[in-house]
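Every number in this text was worked out from the coordinates using simple rules, so none of it is lab data. Computed from a prediction, not measured in an experiment: that's the story for all the values here. In this analysis, Cβ positions are derived from the backbone assuming ideal geometry, glycine residues included, and neighbour counts consider all displayed protein chains.
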Amino acid sequence: MGKVLVEKLLRSCPDVNALYILVRPKAGQSMSERVQDMMKCKLFDRVREDNPDFHQKIIPISSELMQPGLAISPEDVQTLTSCINIVFHCAATIRFDEPLKHALQLNVIATQQLLSLAQQMQHLQAFIHISTAYANCNRRHIDEVIYPPPVEPKKLIDSLEWMDDNIIRDITPRLIGDRPNTYTYTKALAECVVQQESGKLNIGIIRPSIVGASWQEPFPGWIDNFNGPSGVFIAAGKGILRTMRASNDAVADLIPVDVVINLTLAAGWYTAVHRPKTALVYNCTTGGINPFHWGEIEHHVMSTFKRNPLEQAFRRPNANITSNYLINQYWILVSHKFPALIYDLFLRLSGQKPQMMRIFNRLHKAIGLLEYFSSQDWEWNSDNMNMLMSQLSAEDKKTFNFDVRQLNWPEYIENYCIGTKKYVLNEDMSDIPAARQHLRKLRNIRYTFNTVLLVFIWRVFIARSQMARNIWYFVVSLCFKFLSYFRASSTLTQ
Ligand SMILES: CCCCCCCCCCCCCCCC(=O)SCCNC(=O)CCNC(=O)[C@H](O)C(C)(C)COP(=O)(O)OP(=O)(O)OC[C@H]1O[C@@H](n2cnc3c(N)ncnc32)[C@H](O)[C@@H]1OP(=O)(O)O
Ligand SMILES: NC(=O)C1=CN([C@@H]2O[C@H](COP(=O)(O)OP(=O)(O)OC[C@H]3O[C@@H](n4cnc5c(N)ncnc54)[C@H](OP(=O)(O)O)[C@@H]3O)[C@@H](O)[C@H]2O)C=CC1
């Protein structure tokens, strides 16, 4: 989201002088190498066309959320406190399996430290904090208010400081209670910290639901990670994921990333100009305005990947969702574990390292963590989102469009899936004929396999026992009689 925010600010707000972005070195790359890489990314193509010197406006500041004072140097603190007008705080850990102490440090303590830095900023007009619509997912109906925290954040921070990691791991389920993970729990605490430590700052809190690929800007379908539904779509498109627990009728509250960013910028403007007395919370969701369901998503994802297959699929794309635990377990056994075993056996026999079972184990872990969100419904009030829309000028409504009533879901899902192919997997659209050919080969393998299986069952079980043979002939003759009956009755009615 940070990248999309930077791109939109550069493209649509040319009067912005500079963007100070907090960056850490990572994976052997220095801070400046990472920023260089980010600016080369396809996401910035339109900005690059409009203004090839756009990089001059980006000023990276070295920072690490795990460190005291966010590890910002005194000189940088000086620069930030004298230059910044608006803070957008979207850094966080979004992992669902993050150990509590880590999630607390990244999502709560770092927010506290950024707020304390913001208090020193001499020209600050607004502080916009990105939360999540699921911060209060233990409630069915969620209003645009900051709910009382599950525990006083300061007390938890003090207690976890002296506790051993093993003790923290043991008490985590008791602490998070009816929330599914440390992510939603710490995001709820972060909202409370924002409220408690806001002082005189003008605060806005944005709560997006499940952030997906872009809808319109800078081009449809842009996405560059495996988070949330993207990984699930890819796994289904590759024919790896064949079953998942989700409710067909539950609302799939996906929200395109460009909608979230447009709303975030509009909220920045409103907070700075209108200075609301208390922090305004914006539930940034689609379910109450333009609902779409997981069953429909499944249908459109499958249909897109059948028309635009991913390269080197493991099996033909054919994923089904079910809310029934036993049915799901059955299909996991038949459609995930059994083919994985056979493929690994094949790899072993051909002298290669088995890998499919390992991939499936990781997939099961990932989807196990997501199922909570795809198996139930929530209702979010979106009055503040509507209010904000009504405050924008006609031109701003177009430039910072977050009116999801106009979203055409089938078209969006198609672009989303193609986006995962092009921008996450870096596959070329011109190779689609070869991918289709590969699917035809998989279909033939399946037909051959089914025929061999049938012959095997016949030879082993049916041909050897008189009783099985009798049952078999009885079933076949019954089917034949039914067929003749229907044929005769359809001839009579003609
Ligand atoms: C057709 C059917 C339609 C139905 C469709 C239903 C969709 C139902 C979505 C609900 C979605 C709710 C979303 C709540 C909305 C927020 O509020 S917040 C933000 C969302 N946060 C996330 O999505 C983070 C979830 N991810 C994680 O917590 C961690 O990545 C995991 C899943 C625990 C895995 O951790 P890990 O084993 O340490 O490994 P990690 O390096 O992270 O990834 C390992 C592998 O898993 C892959 N992976 C990561 N995430 C995923 C994923 N989501 N899926 C698959 N693979 C994944 C990685 O690409 C990687 O693959 P390789 O590159 O190794 O081949
Ligand atoms: N994705 C989603 O579906 C949703 C996301 N959100 C919220 O939106 C915000 C942005 O999420 P999203 O863009 O999806 O997540 P990403 O994981 O892509 O971005 C998180 C950012 O936080 C930075 N960060 C994490 N740890 C550290 C650290 N120790 N030091 C410095 N920087 C760090 C990351 O930097 P680096 O690049 O160095 O890793 C990254 O830029 C988050 O607050 C999240 O809670 C809310 C609802 C849904």
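Here the Karplus relation 6.51 cos²θ - 1.76 cosθ + 1.60, evaluated at θ = phi - 60°, turns the backbone of the range 411-425 into coupling constants of 5, 4, 5, 4, 5, 4, 5, 5, x, 5, 5, 7, 9, 8, 8 Hz, with x for every Gly and Pro.
Across the range 365-381, the residues whose backbone nitrogen lies under 18 Å from the label position 7 Å along the beta-carbon direction of residue 248 are 374-377.
Taking the inverse of the mean 1/r over every pair of distinct Cα atoms in the range 270-399 gives a Kirkwood hydrodynamic radius of 19.4 Å. Amide H to amide H, with H built 1.01 Å from N, residue 61 comes under 5 Å of 21, 22, 23, counting only residues 5 or more places away or on other chains. With each label modelled as a point 7 angstrom along the Cα→C-beta vector, the residue 357-residue 485 pair spans 4.8 nm. Applying the criteria of a DSSP loop state and at most 11 other Cβ atoms within 10 Å to the trypsin sites (Lys or Arg not before Pro) of the range 385-494 yields 464. Sparsely packed loop sites in the range 25-130 (the chymotrypsin sites (Phe, Trp or Tyr not before Pro) outside DSSP H, G, I, E and B with at most 15 other Cβ atoms within 10 Å) do not occur. Remark: the range 102-111, residue by residue, has Karplus-estimated 3J(HN,Hα) of 5, 4, 5, 5, 6, 9, 10, 5, 5, 5 Hz, where x stands for each Gly or Pro and the curve is 6.51 cos²θ - 1.76 cosθ + 1.60 at θ = phi - 60°. Summing Cβ point charges (Lys, Arg +1; Asp, Glu -1) relative to the Cα centre of the chain gives a dipole of roughly 2740 debye.
You can think of it this way: the chain between residue 78 and residue 461 has 129.8 nm of extra reach, that is 0.36 nm per residue less the Cα-Cα gap.
The alpha carbon convex hull volume per residue for the range 165-232 rounds to 163 Å³.
The relative contact order of the range 1-160 comes to 21 percent, based on Cα pairs under 8 Å that sit 6 or more residues apart.
Couplings for the range 48-59, taken from phi via the Karplus curve 6.51 cos²θ - 1.76 cosθ + 1.60 with θ = phi - 60°, read 4, 4, 5, 8, x, 9, 4, 4, 5, 7, 8, 10 Hz in order; Gly and Pro are left as x.
Legend: P(r) of the range 145-292 from all alpha carbon pair distances, 5 Å bins from 0, whole percents, reading 2, 8, 12, 15, 16, 16, 14, 10, 6, 2, 0.
Given their separation in residues at 0.36 nm each and the Cα-Cα distance between them, residue 390 and residue 333 gain 15.3 nm when the chain is fully extended.
The lysines whose alpha-carbon is closer than 29 Å to the alpha-carbon of residue 365, local same-chain residues fewer than 8 away aside, are 3, 26, 101, 187, 238, 306, 337, 353, 421, 422. Rounded to two decimals, the Cα-based Rg/Rh of the range 390-461, with Kirkwood Rh, is 1.37. Rounded to the nearest 500, the helix-only mean residue ellipticity at 222 nm of the chain stands at -15500 deg cm²/dmol, with each DSSP H run of n ≥ 4 adding -39,500 (n - 2.57). Label-to-label distance, residue 97 versus residue 158, with points set 7 angstrom from Cα along the beta-carbon direction: 3.4 nm. In a DSSP loop and with at most 16 other Cβ atoms within 10 Å, the trypsin sites (Lys or Arg not before Pro) in the range 263-366 are 277. Hey, how many Å between the Cα centroid of the range 285-348 and the Cα centroid of the range 1-76? Value for the Cα centre distance between the two parts: 37 Å. Between the beta carbons of residue 30 and residue 85, assuming R0 = 35 Å, the FRET efficiency works out to 0.80 to the nearest 0.05. Just want the answer: with Cβ charges of +1 for Lys and Arg and -1 for Asp and Glu, which residue in 354, 369, 62 is farthest toward the dipole's positive end in the chain? Towards the positive end, the residue furthest out is 354. In the frame of its principal axes, the chain has Cα extents of 91, 53, 51 Å, reported largest first. Segment residue 289..residue 42, full-extension length gain: 85.8 nm, with 0.36 nm per residue of separation and the alpha-carbon distance subtracted. Between the amide H of residue 243 and those of 320, distances stay under 5 Å, these residues lying 5 or more places away or on another chain, with hydrogens modeled in the peptide plane. The charge dipole of the range 415-475, taken about its Cα centre with unit charges on the Cβ of Lys, Arg, Asp and Glu (plus for the first two, minus for the last two), comes to roughly 300 debye. Between residue 141 and residue 369, the FRET efficiency from the beta-carbon distance, with R0 = 30 Å, is close to 0.80. For residue 380, the residues whose modelled amide H falls within less than 5 Å of its own, excluding neighbours fewer than 5 places apart on the same chain, are 142, 288. Apply the Debye scattering formula to the range 48-180, with a single equal point scatterer on each alpha-carbon and no solvent, then give log10 I(q)/I(0) at q = 0.11, 0.18 Å⁻¹. The Cα Debye sum returns log10 ratios of -0.53, -1.15. Between residue 349 and residue 312, the FRET efficiency estimated from the beta carbon spacing at R0 = 22 angstrom works out to 0.60.
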